[in-house]
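To start, the structure under review is shown below, and the notes come after it.
The values are calculated or read from the model by the stated rules, or taken from the named source; none is laboratory data. The structure displayed is predicted, hence computed values, not measured ones. Cβ atoms come from the backbone with ideal geometry, glycine included; neighbour counts cover every protein chain shown.
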Amino acid sequence: MVPNSEVRLFGMWASPAVWRVEWALKMKGIEFEYIEEDVSDKSSSLLMYNPINKQVPVLVHNGKPIVESLVILEYIDETWNDKPILPVDSYERAKARFWATFVDVKCREAARKSFFGEGEERENGIENLEIQLKALDEELEGKKFFAGNSIGYTDLVVGWMAFWLGVAEEAGDFKAVNSSKFPFFTAWIENFLQDPLIKNNLPPRDKTVEFFRLFRQAGSCAKANVK
Amino acid sequence: MGERELKLLGTWVSPYVIRVRVVLNQKGLKYEYFEQDLTNKSELLLKYNPIHKKVPVLIDNDQPVCESLVILQYIDEAWSKTGPSVLPTDPYERAMARFWAVYIDDKVFLASAGILKATTEEAKAEKIIETMAGLELLEETFKKCSKGKPFFGGDTIGFLDVTLGSCLVWLKATEKVSELTLLDGNKFPKLVKWTEQFLSADCVKEVMPKVEKVEEYINKTLKPKWAAAATSSK
């Protein structure tokens, strides 16, 4: 318990990186003020707190900003250190951090190519996603969640793939998640989305699909206009 | 407690490997080092890092840890009572260190590699500007983190010291190959002073390759490899 704590979160309703921070804050029972940002017209506060990347999420704790969702998650876990989100064992922590980088760098890149790409680039993206899903599927064999019987850090971090990947598949008209190829991963998606913490803390699906559809169109226009 | 068997898979030239070795040295940890040939990946590498097939891989009593920044934190936590801490103890300072480490790898080092890879003067100039902008921010970050002491980590080498420090020989080799100055003592006086402190530390000297060797590697191995990939891609 951190007394006299002022916690503010700058976010955007559709952003998975923002939601994972919200999940962590709610898991810990931390009270916070949420500020919705218009990312096409960024507030002076956001630019002041995150001048380098100018992105959400930004957590401001007692006036001090922390940026990048993975960094924020670790900060939350270390500052409010009851009900730990990360595993206690150092090797398990290393595994959790490994998966975090894996989904945020590799899977995200593959999803981006599958979503925005065309022709060979798209095919390559989907192929890579399938290889990555296989790895995640193997990791989940015999487990309800990555962390065991209840949600932990790895679940929160992979969480975007439980909801936003499905949204991207629908809005981008491609398919990578397959219940017969990846039975454990598919089961995990169900378990994750049904968990009371997550179920009540997701953006509206239809609105998110529409948002991503527009986002994809804007992406194609941008590509067409470049060089 | 029984003897712990530590192994490290790496390459002599990789900054990601060098940073792990510096920390292992600083903690006084003994390990068996296996130099890898990444053009012909060993069974050991494929067994212990099947997903990425990259170095470094730290193997602790047969349990592999991959990704350099993950390894650094693992070493810090698993040997928390041995040698100096790698990360600061304060959660906010730890968050700053984690942020800047990723910035160094994803923005600064990558931009500097872009200088070498650029095929036009325009592209090269863009990457030089990016690298210099990154170094400018790091000069400011150094002032905030070091608080007048020799290292980002204060009195001892820490997380940001090894993350940026491991890239130094590459930065210097890039300067020579591309005939320019990046680590400009006029623009970044604190940072340049820090480079001297870092490179002269015992735990660093042993594992840091010579600039000339990296220069040769860039000219004889890397550049031809990139050129071949460019001509063979559709």
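Of everything in the stretch B:85-143, what is in contact with a helix residue (DSSP H, G or I) (Cβ under 6 Å, 6 or more places away or on another chain), outside any helix (DSSP H, G or I) and closer than 22 Å to B:Thr181 by Cβ? Give them in sequence order.
B:Ala118
When only residues in the stretch B:80-96 that are of a type in the set (A, V, I, L, M, F, W, C) and facing another protein chain (nearest Cβ under 9 Å) count, which is surrounded by the most Cβ atoms within 10 Å (Cβ to Cβ)?
Restricting to residues being of a type in the set (A, V, I, L, M, F, W, C) and facing another protein chain (nearest Cβ under 9 Å), the top hit is B:Ala95.
If I filter the stretch A:135-179 down to residues being within 17 Å of A:Arg122 (Cα to Cα) and of a type in the set (Val, Ile, Thr), which single residue comes out as nearest to the chain's Cα centre (by Cα)?
That would be A:Val167.
Mind counting the residues in the stretch B:101-158 that are more than 30 Å from B:Thr89 (Cα to Cα) and charged (D, E, K, R)?
Count: 7.
Inspect all residues belonging to the stretch A:175-182 and state whether any of them is of a type outside the set (A, V, I, L, M, F, W, C), surrounded by 15 or more Cβ atoms within 10 Å (Cβ to Cβ) and out of contact with any Cys (no Cβ under 7 Å at 6 or more places or on another chain).
No, there is no match, as no residue in the stretch A:175-182 is of a type outside the set (A, V, I, L, M, F, W, C), surrounded by 15 or more Cβ atoms within 10 Å (Cβ to Cβ) and out of contact with any Cys (no Cβ under 7 Å at 6 or more places or on another chain).
Pull up the stretch A:60-93, narrow it to residues that are in a strand (DSSP E or B) and hydrophobic (A, V, I, L, M, F, W, C), then point me to the one that is surrounded by the most Cβ atoms within 10 Å (Cβ to Cβ).
A:Ile66
Residues checked against (1) within 16 Å of the chain's Cα centre (by Cα); (2) in a helix (DSSP H, G or I); (3) at pLDDT 95 or above; (4) surrounded by fewer than 17 Cβ atoms within 10 Å (Cβ to Cβ):
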residue	(1), (2), (3), (4)
A:Ala187	no, yes, yes, yes
A:Leu193	yes, yes, yes, yes
A:Leu197	yes, yes, yes, yes
A:Pro203	yes, no, yes, no
A:Asp206	no, yes, yes, yes
A:Arg216	no, yes, no, yes
A:Cys221	no, yes, no, yes
A:Lys227	no, no, no, yes
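From (1) within 14 Å of chain B (Cβ to nearest Cβ); (2) on the phi < 0 side of the Ramachandran plot, pick out the condition that doesn't hold for A:Glu68.
The number of the failed condition is (2).
Quick one: is B:Val162 within 11 Å of another protein chain (Cβ to nearest Cβ) and in a helix (DSSP H, G or I)?
no
Can you pull out every residue in the stretch B:58-77 that is buried (at least 19 other Cβ atoms within 10 Å of the Cβ) and more than 11 Å from A:Arg97 (Cβ to Cβ)?
Scanning the stretch B:58-77 gives B:Leu58, B:Ile59, B:Asp60, B:Pro64, B:Ser68, B:Ile75, B:Asp76.
Mind listing just one residue for me: the one in the stretch A:55-112 that is aromatic (Phe, Trp, Tyr) and in contact with a strand residue (DSSP E or B) (Cβ under 8 Å, 6 or more places away or on another chain) and, of those, farthest from B:Met96 (Cα to Cα)?
Ranking the candidates gives A:Tyr91 first.
Output the number of residues of the stretch A:27-39 satisfying the condition of being in a loop (DSSP other than H, G, I, E, B) and within 15 Å of A:Leu9 (Cβ to Cβ).
Of the residues in that region, 7 qualify.
Surrounded by fewer than 19 Cβ atoms within 10 Å (Cβ to Cβ), at pLDDT 95 or above and of a type in the set (A, V, I, L, M): is that true of B:Val102 in this structure?
So B:Val102 fits the description; yes.
Which of the following residues is in contact with a Leu (Cβ under 9 Å, 6 or more places away or on another chain), hydrophobic (A, V, I, L, M, F, W, C) and part of a helix (DSSP H, G or I): B:Leu38, B:Leu69, B:Leu45, B:Leu58?
None of the other options fit; the residue is B:Leu45.
Could you list, in sequence order, all residues of the stretch B:112-134 that are among the hydrophobic types (A, V, I, L, M, F, W, C) and more than 14 Å from chain A (Cβ to nearest Cβ)?
B:Ala113, B:Ile115, B:Leu116, B:Ala118, B:Ala125, B:Ile128, B:Ile129, B:Met132
Could you tell me which residue of the stretch A:40-59 is farthest from the other protein chains (Cβ to nearest Cβ), considering only residues that are in a helix (DSSP H, G or I) and touching a residue at least 24 places away in the same chain (Cβ under 8 Å)?
A:Ser45
Anything in the stretch A:111-134 that is within 13 Å of another protein chain (Cβ to nearest Cβ) and within 17 Å of the chain's Cα centre (by Cα)? List them, or say none.
A:Gln132, A:Leu133, listed by residue number.
Residue by residue through the stretch A:159-206, note down the ones that are among the small types (Gly, Ala, Ser), out of contact with any helix residue (DSSP H, G or I) (no Cβ under 7 Å at 6 or more places or on another chain) and under 21 Å from A:Phe102 (Cα atoms).
A:Gly166, A:Ala187
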